[in-house]
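Let me begin by presenting the structure, written as structure tokens, before commenting on it.
The values are calculated or read from the model by the stated rules, or taken from the named source; none is laboratory data. For clarity, every value in this text was computed on a predicted model and none was experimentally measured. Quick reminder, even Gly has a Cβ in these numbers, built from the backbone with ideal geometry, and neighbours come from all protein chains shown. Note: accessible area is taken over every heavy atom of the protein model, side chains too, but ligands, DNA and RNA are not part of it. Shrake-Rupley method; radii C 1.70, N 1.55, O 1.52, S 1.80 Å.
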Amino acid sequence: MLDVRRIRQDFPILRQQVNGRPLVYLDNAATTQKPRQVIEALVRYYETSNANIHRGIHTLATRATEQYEDARRKVARFIGARGPEEVVFTRNATEAINLVARAWGDEHIGEGDEIVLTLMEHHSNIVPWQLLARRKGATLRYAGITDDGKLDLDELRRLIGPQTKLVAVTHMSNVLGTINPVADIAEMAHRAGALLLVDGAQSVPHLPVDVQALGADFLAFSAHKMLGPTGVGVLWARAELLEAMPPFLGGGDMIAVVRPESSTWAELPHKFEAGTPNIADVIAFGAAVDYLEGIGMANARRHEEELTEFALERLRRVAGVRIFGPSSASERGGVVSFAMEAAHPHDVATIADGYGVAIRAGHHCAQLLMRALGVPATSRASFSIYNDVDDIEALVEALEGVNRVFGEGRERTAVR
């Protein structure tokens, strides 16, 4: 069991009050808060090591390069990569997926080819493939969801065929919390001769993730959703795939030799990191990885599963609440989206904020899923290692406040 009280002491932002009440932060699927170890790593870099990396030979440049590449080694170890050369730093998961769509997709997708997606994808794992399909004359296929919010694996299996060149799927839905069986999906894709890209933006921060066990070919995720700074993302791919892909962007630091008419590329992973990268935030991301490893990802998963089970049980008892996604916490991560009979999700989030409770409302960059669910938007509570049952109770108190404001004089029953 995690010592949440002690963990919370590492997060200075959680000590404040919002609207006269202690802050209850339940918007972790959007971005997590940062422990002082990450903040101190960022400040320490600028106070002691600030210099551009890779090309300088003076002491500061060497020190900054060592710290930057040490963060890459930490990330590689964290996800079970075969080596740091398989880890490419980007701005975010979105850019990582766009990198694959451009560098791999433009080379390997052609007219008549098919890319198989799911309706539970974040826009970041839809729009890059729409753009690629438009450029190359390819077709997109979408697997739907079941009534209980799981991926329809039978439909996915039917969609993957001889024309399929890529399957792109989220590991964990940012709306439903559904955890998809990526290893099984990888087997489906590979049997058809297709590659598998996994959007790990919601899973890598909350579950033990080993890319070898997943069997995926590409994995994308963001630092800011796993206690790290904004502005840093990761693309992991098997080295042989990265070796065969052309660069995404051209410029400094990604070349070996430049001639008037052509250039050759730097070794992995540098050929995909043109220009001066986000050095300070990558180094601070390394501190976030250290922090999560200190917690233990199996411990983090166990804590958030228990918290999700408690949240599902408590929210089911609030009148007029409809919960989306699998009914069992064992099949979902710490994300609970819901609708209230009494009020629009934006009104729910506004009233919750008055209680000091930060939740998200909207389509969560998943408009295809919203249509499949038959709603324009949902409210969403999402958890991290610093949340506990008291936070859930504060959310329930806020939702009961919503019912008092919008449901006065009306009889309501809980939606199971």
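For Leu140, nonlocal amide neighbours, meaning residues 5 or more places apart or on other chains whose placed amide H falls under 5 Å from its own, are Ile115. Does region 10-83 come out rounded, prolate or oblate by the C-alpha gyration tensor, with a ≥ b ≥ c the root eigenvalues, rounded set by a/c under 1.5 and, if not, prolate when a/b is larger than b/c and oblate if not? Oblate shape, in that a/c is at least 1.5 and b/c is the bigger or equal ratio. For Lys165, the accessible surface of its heavy atoms amounts to roughly 60 Å² (probe 1.4 Å, protein chains only, rounded to the nearest 10). The angle separating the long axis of helix 389-406 from the principal Cα axis of greatest extent in the chain is about 60 degrees. The charge dipole of the chain, taken about its Cα centre with unit charges on the Cβ atoms of Lys, Arg (+1), Asp and Glu (-1) only, comes to about 420 debye. Sorting 303-314, 238-249, 89-100 by average packing, meaning the other beta carbons within 10 Å per residue, from highest down gives 89-100, 303-314, 238-249. Derived from the Cα gyration tensor, the three semi-axes of the equivalent ellipsoid of region 140-259 are 28, 20, 12 Å, largest first. Each of Gln130 and Asn52 was given a label point 7 Å from its Cα along the Cα-to-Cβ line. The distance between the two points is 3.8 nm.
Ellipsoid semi-axes for region 303-412, based on the Cα gyration tensor and the rule √(5λ), read 20, 18, 13 Å when sorted largest first.
Here the peptides 116-124, 65-73 are ranked by packing, the mean other Cβ count within 10 Å, and the order with the highest first is 116-124, 65-73. The residues of region 78-222 expose on average 34 square angstrom of accessible surface per residue, using a 1.4 Å probe on protein heavy atoms. Protein heavy-atom accessible surface, 1.4 Å probe, per residue over region 321-413: 39 Å². The fraction of all Cα pairs in region 1-134 landing in successive 5 Å bins from 0 to the largest distance is 2, 7, 10, 12, 14, 14, 14, 12, 8, 4, 2, 0, given as whole percents.
Set against the 2.2 N^0.38 Å expectation for a compact globular protein, region 68-154 has a Cα radius of gyration ratio of 1.33. With each label modelled as a point 7 angstrom along the Cα→C-beta vector, the Asp184-Thr350 pair spans 4.3 nm.
Ranked by solvent-accessible area (1.4 Å probe, protein heavy atoms only, all chains present), the residues Glu341, Glu114, Glu331 order from largest to smallest as Glu341, Glu331, Glu114.
Ranking Gln17, Tyr68, Phe89 by how far each Cα lies toward the positive end of the dipole of the chain (charges on Cβ) leaves Gln17 at the top.
What the Cβ-Cβ distance of Val258 and Glu85 gives, at R0 = 25 Å and to the nearest 0.05, is a FRET efficiency of 0.70. As a fraction of the 1.4 Å probe accessible area of the chain, surface on carbon and sulfur atoms comes out at 49 percent.
Note on the chain: Cα convex hull, mean projected area over all directions, 21.0 nm². A protection proxy built from the mean count of other Cβ atoms within 10 Å ranks the segments 44-53, 174-183, 260-269, most packed first, as 174-183, 44-53, 260-269.
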